1. Got a sec? Which strands (runs of 3 or more DSSP E) wholly within region 345-401 have at least 2 residues that are closer than 18 Å to Asn332 by Cβ and not polar (S, T, N, Q)?
2. Against the definition (modelled with pLDDT of 95 or more, of a type in the set (A, V, I, L, M) and out of contact with any helix residue (DSSP H, G or I) (no Cβ under 7 Å at 6 or more places or on another chain)), how does Ala64 come out, yes or no?
3. Have a look at Lys385, Lys346, Lys400, Lys415 and point out the one that is charged (D, E, K, R), surrounded by fewer than 17 Cβ atoms within 10 Å (Cβ to Cβ), in the same structural domain as Val306 (by TED's automatic domain parsing) and at pLDDT 95 or above.
4. Just one of Ala316, Ala310, Ala322 is at pLDDT 95 or above, over 22 Å from the mean Cα position of the chain (by Cα) and either surrounded by fewer than 19 Cβ atoms within 10 Å (Cβ to Cβ) or among the hydrophobic types (A, V, I, L, M, F, W, C) (or both); which is it?
5. For region 70-86, which residues satisfy the criterion of being under 17 Å from Gln59 (Cα atoms) and not in a loop (DSSP other than H, G, I, E, B)?
6. Scan region 24-38 for residues that are touching a residue at least 12 places away in the same chain (Cβ under 8 Å) and either more than 18 Å from Glu77 (Cα to Cα) or of a type in the set (Asp, Glu) (or both) and jot them down.
7. Out of curiosity, is Val358 at negative phi, in contact with a Lys or Arg (Cβ under 8 Å, 6 or more places away or on another chain) and in the same structural domain as Val399 (by TED's automatic domain parsing)?
Amino acid sequence: MPGRTCLAIVLAAGEGTRMRSLMPKVLHQLGGCSVLAHVVKAARAAGTDELAVVVGPGQETVAAEARERAPQVQIFEQHERRGTAHAVLSARKAIAHGADDILVMFGDTPLVQTETLSKLRGALAQGAAVAVLGFKPVNPEGYGRLVMHDRELMAIREERDATPEERKIGLCNGGLMALAGEQALAILARIGNTNAKGEYYLTDAVAIARDMGLKAVAIETSEDDVRGINTKVQLAEAEAVLQRRLRLAALEAGVTMTAPDTVYLSADTKFGKDVTIEPSVVIGPGVTIEDGATIRSFSHLEGAHVGKGARVGPFARLRPGADLGKDVHIGNFVEVKEAKIEAGAKANHLAYIGDARVGEGANVGAGTITCNYDGVAKHRTDIGKGAFIGSNSALVAPVKIGDGAYIGAGTVVTKDVPAGALAIARAKQTVKEGWAKRLRKVKALGKNLSGKKPKKSS
């Protein structure tokens, strides 16, 4: 919001109890990153100048994740779980800095969009002291209700505290709230614990602001925007919503997906122009796919870069560190890990390329593996430009194959191969003519190859 400073306070003190997990719920994965990461990303994209995250006692892992996503974040601990207003006031020091806008967000509500947060901030810029997100669920049972009058918000009533008439209200509290920085501490300080649970409810800020003669408003949004996560079922539902959003964004950006509902994307997936994704592809975190590339069915990519015009799959796996150059072909049942595959190189079937470089235009035959691990450490294989690696070869790292070198099929390479050389390392073939015919004959007679009948076991 031009000309206005903003502090975002993210409440992330929840545990993973209802998720039947020892992991804090905000650290569960959604679209390839933590639930908390989505909230932090939305807050930063909304133009926040400062970010504060409130964690529970002993939640060092949550604090670490927040710092990973926003190095300048301020971490505050809520020592006792005494309600949402109490949690917000745990960040009193940050509030006292005097930001114009204060966004109160929840670490388990990851689908809120940047434009929604901008609408909350816009309401503050137009004179509201409190702005609340509201939505209309199909079934409002269990939600707090937004009590409106003349298009202004009068109060938020928790269902357990609501009258029968108030429970008929369809507009419900979405949880997220914005407070004008100038009045925030005065409003929060007046919140008491006179409700049914004896907690300090942030929702009471609306009625208090009204009593102070200040304006409160509600901004209506979709249910998906304020969808919270407390169970594995809700996590799966949120994943489905996120995947729909990611697929739609990819399609609108020009990606071709013939069966988009079968494609899994991550929140940080980057696409170039004219990319084609075939059915049943999984794209994990940290993947960039450049112009004109094709990812064929049943491929799995993570932490990989796919160059212009490259072709991957079907049934290929790109692991972290896979770096494919222009027009590279990685075919069925090929796995690439921590390897640079230079322009025009090919590994079309049944190969493992790990901790390696494959030079421009090189060909890696079926059944080839780079033997990169000796049981203690990883070692690198370097395959030169235009080299040809015959099928069923084993390249025992560390080893270097020179430019234009040939490796005969079935070779185990343990020493460097000079440029332009041929390397063959396999046992000499032996042929015994008539042996197969004799075998069939003696078997038909019930004898072994010595011509004697086998002894019966006692």
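The values are calculated or read from the model by the stated rules, or taken from the named source; none is laboratory data. All of these numbers come straight from a predicted model, not from anything done at the bench. For neighbour counting, all protein chains shown are included, and Cβ atoms are generated from backbone atoms with ideal geometry for every residue, glycine included.
1. 346-358
2. yes
3. Only one candidate qualifies: Lys415.
4. Ala310
5. Answer for region 70-86, where residues must be under 17 Å from Gln59 (Cα atoms) and not in a loop (DSSP other than H, G, I, E, B): Gln74, Ile75, Phe76, Glu77.
6. His28, Leu30, Gly31, Gly32, Cys33, Ser34, Val35, Ala37, His38
7. yes
So that you can scan it fast, the table gives a plain yes or no per residue for (1) of a type in the set (A, V, I, L, M, F, W, C); (2) not in a loop (DSSP other than H, G, I, E, B):
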site: Ala205; (1), (2): yes, yes
site: Gly213; (1), (2): no, no
site: Ile229; (1), (2): yes, no
site: Leu235; (1), (2): yes, yes
site: Ala240; (1), (2): yes, yes
site: Gln243; (1), (2): no, yes
site: Leu248; (1), (2): yes, yes
